[in-house]
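J.: One structure, as structure tokens, below. Some questions next.
The values are calculated or read from the model by the stated rules, or taken from the named source; none is laboratory data. Since the model is a prediction, treat every value here as computed from it, not as a measurement. Heads up, the Cβs are rebuilt from the backbone with ideal geometry, glycines too, and the neighbour counts pull from every protein chain shown. Accessible surface is based on the protein model in full, side chains and every heavy atom, while ligands, DNA and RNA are left aside. Shrake-Rupley method; radii C 1.70, N 1.55, O 1.52, S 1.80 Å.
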Amino acid sequence: MKVRKAIFPIAGLGTRFLPATKALPKEMLPVVDKPLIQYAVEEAYAAGIRQMIFVTGRTKRAVEDHFDTAYELETELQLQEKSDFLSLVQSIKPRDMECIYIRQSRALGLGHAILCAQNIIDEEPFAVLLADDLFMGPSPVLTQILEQFNHYQSSIVAVQTISQEDTFLYGIISGDVIDTRTTVVKHIVEKPAPDVAPSNTAVAGRYIFTPAIFEEIAKQSSGVNGEIQLTDAMFSLLSREKLYAYHFEGKRYDCGTKLGLLKATIDLAEQHPDIGPSLRRWLREKTTNNRSQLLFKQENKKKDCMIT
Ligand code: UTP
């Protein structure tokens, strides 16, 4: 079974970034100079996938425009002989990449969004990438789990160890460890409280599923937050086929939160060839200034204590 298609569910409301996401898709928020969705699409492309399926909603037109030809812009760049920018713009959608858009008319949950793509996927295994999870590492995370899928030929999800107090933010798995990176999942639960969580191993936003997942999603009623949860469907999948969890190599940025997006922006900007050196200098100066201000305040406090 070869993975040829990827689903990008991008129909969520993005409430944690309001007001920025009132009219702008969360997935179009930039990390340095590239929108989140482009990082995810590039990751899928690097893994050999050529058919990209976007499950979109009413405010997500900008994503379609981003992966379409920008005729006026390209003509202008040609006239101005800005060939670097022209090839940058044209490289967003390589010629052999196909983009398909389907609408999820109401944000009924991640599971429901994936179900919307069932007719396009048909009877093939497929990848799911959540663009608000951004990964940096030695090799793209989707490629890492794809290698495992090719070996096991069964559904697989990327996971990472998190601190116990954060379990309420993620899907949490537990199961039988088969090697340092791989676990056969026996239990999976959405956003459990830290004291009842089965482990501190959290699902990260990269999955490969066999088509069996569609039937399991279709059986689900609303779960946590009143949404049709992918996690619940993954739990019922366990009774019919093996689900593997793979501890990916690399770093994850949860860009669905303001802090995660800022951390990703700073880390990637520090490595950026144009702005990296100036940003690092500015960060050093800022840290030194903050430290001097702190020392100054501590000294003054000491003096005040001695006077009184
Ligand atoms: P999130 O849980 O991050 O939800 O969805 P959200 O709506 O995007 O953001 P908040 O929580 O309101 O701030 C995870 C992924 O699933 C997609 C989102 O677009 C995001 O990529 N999603 C979620 C859908 O496509 N449809 C849904 O009904 C829900």
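J.: With charges only on Cβ, +1 for K and R and -1 for D and E, what is the dipole size of the chain about its Cα centre, in debye, rounded to 20?
T.: The dipole of the chain has a size of about 1020 debye.
J.: Might you tell me the accessible area per residue for segment 32-187, computed with a 1.4 Å probe and given in Å²?
T.: For segment 32-187, the solvent-accessible area averages 50 Å² per residue.
J.: Build a GNM of the chain with springs between Cα atoms under 10 Å: which of 192, 94, 30 gets the top mean-square fluctuation?
T.: Highest fluctuation of the listed residues: 94.
J.: Using a 1.4 angstrom probe on the protein heavy atoms only, line up 219, 242 by accessible area, largest first.
T.: Most to least solvent-accessible, the answer reads 219, 242.
J.: Sticking with this structure for a sec: Taking 18 Å as the cut-off for C-alpha to C-alpha distance, list the pairs among 26/82; 251/286; 22/60 that go past it.
T.: Beyond 18 Å: 26/82; 251/286.
J.: So if the hydrodynamic radius of segment 88-178 is defined as the Kirkwood radius over C-alpha pairs, what does Stokes-Einstein give as its diffusion coefficient at 25 °C and 0.890 mPa s, in µm² per second?
T.: Rounded to a whole number, D works out at 148 µm²/s.
J.: Considering only DSSP beta bridges where both residues belong to the chain, give the percentage that are antiparallel (nearest 5).
T.: Of those bridges, close to 60 percent are antiparallel.
J.: What is the distance in Å between the Cα centres of segment 83-139 and segment 229-296?
T.: Their Cα centres are 21 Å away from one another.
J.: Here is a further query. How much solvent-accessible surface does residue 272 expose, in Å² to the nearest 10, with a 1.4 Å probe and all protein chains in place?
T.: Near enough 40 Å² of accessible area.
J.: For the chain, what is the calculated [θ] at 222 nm in deg cm²/dmol (nearest 500), taking -39500 (n - 2.57) for each run of four or more DSSP H residues and dividing by its residue count?
T.: Calculated mean residue ellipticity at 222 nm is -11500 deg cm²/dmol.
J.: For residue 85, what accessible surface area do you get with a 1.4 Å probe? Give it in Å², rounded to 10.
T.: Residue 85 exposes around 120 Å² with every protein chain in place.
J.: Here is a further query. Dipole size in debye (nearest 20) for segment 107-255 around its Cα centre, Lys and Arg Cβ +1, Asp and Glu Cβ -1?
T.: The calculated dipole for segment 107-255 is roughly 160 debye.
J.: Of 172, 100, 156, which has the largest mean-square fluctuation in a 10 Å C-alpha GNM of the chain?
T.: Maximum fluctuation in the GNM of the chain, among the listed residues, is at 100.
J.: Show 234, 1 ordered by accessible area, largest first, where the area counts protein heavy atoms only and the probe is 1.4 Å.
T.: The ranking, largest first, comes out as 1, 234.
J.: Let me ask something additional. For 106, 252, give the ranking by accessible area with the largest first, probe 1.4 Å.
T.: Result, largest first: 106, 252.
J.: Could you point to the residue in 139, 164, 289 farthest towards the positive end of the chain's charge dipole, with +1 and -1 charges on the Cβ of Lys/Arg and Asp/Glu respectively?
T.: Most positive-ward Cα: 289.
J.: Dividing the alpha-carbon radius of gyration of the chain by 2.2 N^0.38 Å (N being the number of residues), what value is obtained?
T.: Compared with the compact-globule rule of thumb, the chain sits at 1.14.
J.: Using a 1.4 Å probe over the heavy atoms of the protein chains, calculate the carbon and sulfur portion of the accessible area of the chain as a whole percent.
T.: The nonpolar share, carbon plus sulfur, comes to 53 percent.
J.: Could you work out the relative contact order of the chain? I mean the mean sequence separation of Cα pairs under 8 Å and 6+ apart, divided by the number of residues, in percent.
T.: Result for the chain is 21 percent.
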